[in-house]
Amino acid sequence: MELGNSSALQQELLDWCNDALVQPDNALLLLDVPADVDIAFIESTMETVKIFGRVRVRSSKEGPAKTSLLVLCECREKIDPSRVPADVLPKDGDPAWKIVVVRDKEPAPDDFSAKLRKLLQDEGKSMTDVQALLSPLPTSSPEAVIRAVGELLEKTTKRSSDSTDYKRLRVFSGVVPTPAGEETMENWIEQAKLMKAESDCAEKEKRKRIVESLKGPALEIIKAVRLSNGDASASEYLVALESEFGTSESGEDLYFAFRFLRQNSGEALSEFLRRMEKSLTKVVQRGGLQPAQVDRVRIEQLLRGAVESDLMLLKLRLRERKESPPTFLKLLNEIREEEENEVARCKLDATVKPVIPKASPTPKPTEIQALKAEVKELRAKLEESRKAPALPEAPEQKAKMTSESAEARIDPE
C-alpha cells in the first residue's frame with residue numbers, strides 16, 4: 001500500500017491538525033524528511049509546488065526511522081487533493097519526500113473500519129484507545145473488537161453525563177471595549193484551547209461548551225460557521241473566532257514586537273518575565289518561532305530588555321546559561337526567590353539604624369562676647385607680669401647659696 005494513501009496516515013494527519021488548530025483542508029503531511037534539514041529549506045521546497053501557495057511548517061516529530069521526521073505544514077491556499085503530487089523532490093538531490101493530504105472520500109457502506117474511525121472521531125477518541133482495551137485480550141476477534149468499542153463508548157457516555165461538573169468558560173461577545181463581566185479575546189481563547197486540550201468529553205460536548213459561552217457578534221460568527229459546515233469541529237470554531245476577533249499581525253510581526261519589549265520603571269523582574277511570556281506565546285501560536293527555540297529566545301530577550309535589574313541578572317548568572325537555558329517555570333521560580341531574598345535584606349537594613357552623634361549646640365552671641373572679654377583680660381595680666389622688675393633675693397637665701405658653692409669646690413665628690 002502506498003504511504004500517501006494509507007488510512008493510518010490520513011488519521012494521523014487529522015489528529016495532528018486537531019491538536020495544532022490547523023484546518024485540515026489547508027494541511028499536508030510530509031514523510032521521509034531528514035532530521036537535520038532546516039525549516040526554511042522545507043518551506044522553500046514546498047513552495048515550489050504552485051498549488052500550495054505560501055507554506056509554513058507548524059510542527060514536526062520523529063518518523064518511523066530516527067533519521068527522518070514527520071512534518072505538518074499549513075498552506076495559505078486550500079488544497080485540492082486531485083492536484084497534489086505523490087511526492088516532492090528537494091533541490092539538493094536527497095530522496096523525495098512523500099506527501100499526505102486529506103482525501104474527500106466517503107466510506108463505503110460495508111467499510112467497517114472507516115465507520116469505526118468516524119465514530120471514534122466524533123467521540124473525541126482514536127484507535128489507540130481501542131487498542132489499549134484490546135491489549136489484555138488473547139485474540140482480536142470481531143467479538144473482542146465490538147466488546148472493546150462498547151466499553152469505550154460506555155466510558156465516553158459516562159464522562160459526558162458527568163460533564164456538568166466543569167468550570168464554565170466566561171462570556172465572550174467580541175465587543176470592543178470589553179463590557180464588564182466579559183472576557184477579553186486573548187484570555188477567552190486561551191481558556192477555550194485549554195478546555196479543548198484537557199477535557200475528555202466528546203467533540204459534541206466541547207462544541208456545546210464553546211457555544212454556550214458566546215453571545216453577540218461572536219455567536220453570530222459561530223452560527224455562520226455551522227450554516228456553512230454543520231460538522232465543524234471545536235477547533236474550527238476557535239480558528240474562526242480567532243481570525244475574526246484576534247490580531248491580524250503575522251508571526252513575524254509579533255516576533256519583532258516581542259524583541260522590542262523593555263522593562264518598565266519600577267516593574268519587578270518577575271512581572272516583566274510574565275509579560276514577555278504572554279507575548280512569546282502569541283509568537284509561537286502564529287508560527288513566528290519554533291517551540292524548540294523558545295527557551296533560548298526568552299533568556300536572550302530577558303537579558304536585553306531587563307534594564308532595571310542588572311544586578312539581579314548577574315546574581316542569577318543568566319549570561320553563562322544561554323547555551324542551556326532554563327524553562328519558563330524554572331526561571332520564574334529562581335527570579336521570585338531572588339526577589340524575596342532582596343526584600344528580606346531590605347527589611348533587615350531598615351531595622352539596623354545608624355547612631356548619629358548629636359551636634360554641639362551653637363553658643364549664643366552674649367556668651368561669645370563674654371569669652372572674648374575674659375581672654376582680653378587674661379592677656380593684659382600676662383603682659384603686666386612680664387614688664388614687672390625681678391624681686392631681690394633674701395639675705396638668708398644668698399648666704400645659703402654661697403656656702404653650698406664653697407663646699408662644692410672643696411669636696412671632689
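Numbers at a glance
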read-out: Karplus 3J(HN,Hα) series, Hz, for the stretch 31-48 with 6.51 cos²θ - 1.76 cosθ + 1.60 (x for Gly, Pro); value: 10, 6, 7, x, 5, 9, 7, 7, 5, 4, 5, 4, 5, 5, 5, 5, 6, 5
read-out: Segments 9-22, 56-69 sorted - mean Cβ within 10 Å per residue, highest first; value: 9-22, 56-69
read-out: Flagged links, alpha-carbon separation over 28 Å, of 91/278; 206/330; 78/223; 196/282; value: 91/278; 206/330
read-out: Net charge of Cβ neighbours under 15 Å - reference residue 255; Lys, Arg +1; Asp, Glu -1; value: +3
read-out: Rounded to whole Hz, the Karplus (6.51, -1.76, 1.60) HN-Hα couplings of the stretch 372-378, x for glycine and proline; value: 4, 5, 5, 5, 5, 5, 5
read-out: The stretch 256-273 - phi-based ³J(HN,Hα) in whole Hz, Karplus 6.51/-1.76/1.60, Gly and Pro as x; value: 5, 4, 4, 5, 9, 5, 9, 6, 6, 5, x, 7, 5, 5, 5, 5, 5, 5
read-out: Order of 168, 317 under a 10 Å beta carbon neighbour criterion, fewest first; value: 317, 168
read-out: Long-range amide H partners of residue 87 with built H, under 5 Å; value: 99
read-out: Rel. contact order, % - alpha carbon contacts under 8 angstrom, at least six apart, the stretch 3-101; value: 36
read-out: Volume per residue of the C-alpha convex hull in the stretch 185-288, rounded to whole Å³; value: 123
read-out: Base-10 log of normalised Debye intensity for the stretch 3-101 (one unit scatterer per alpha-carbon) at q = 0.15, 0.16, 0.18 Å⁻¹; value: -0.52, -0.60, -0.77
read-out: Rounded, prolate or oblate (a/c below 1.5 giving rounded, otherwise prolate when a/b exceeds b/c) for the stretch 251-350 by Cα gyration tensor; value: prolate
read-out: Three-way shape label, the stretch 185-245, alpha-carbon gyration tensor, a/c 1.5; value: oblate
read-out: Amide H contacts under 5 Å for residue 69, placed H, 5+ residues apart; value: 32, 33, 35, 63
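Each reported figure results from applying straightforward, stated rules to the coordinates on display, with no laboratory input. This structure is a prediction, so every number in the text was calculated from the model and none was measured. Positions of Cβ are generated from backbone atoms using ideal geometry, with glycine treated the same way; all protein chains shown enter the neighbour counts.
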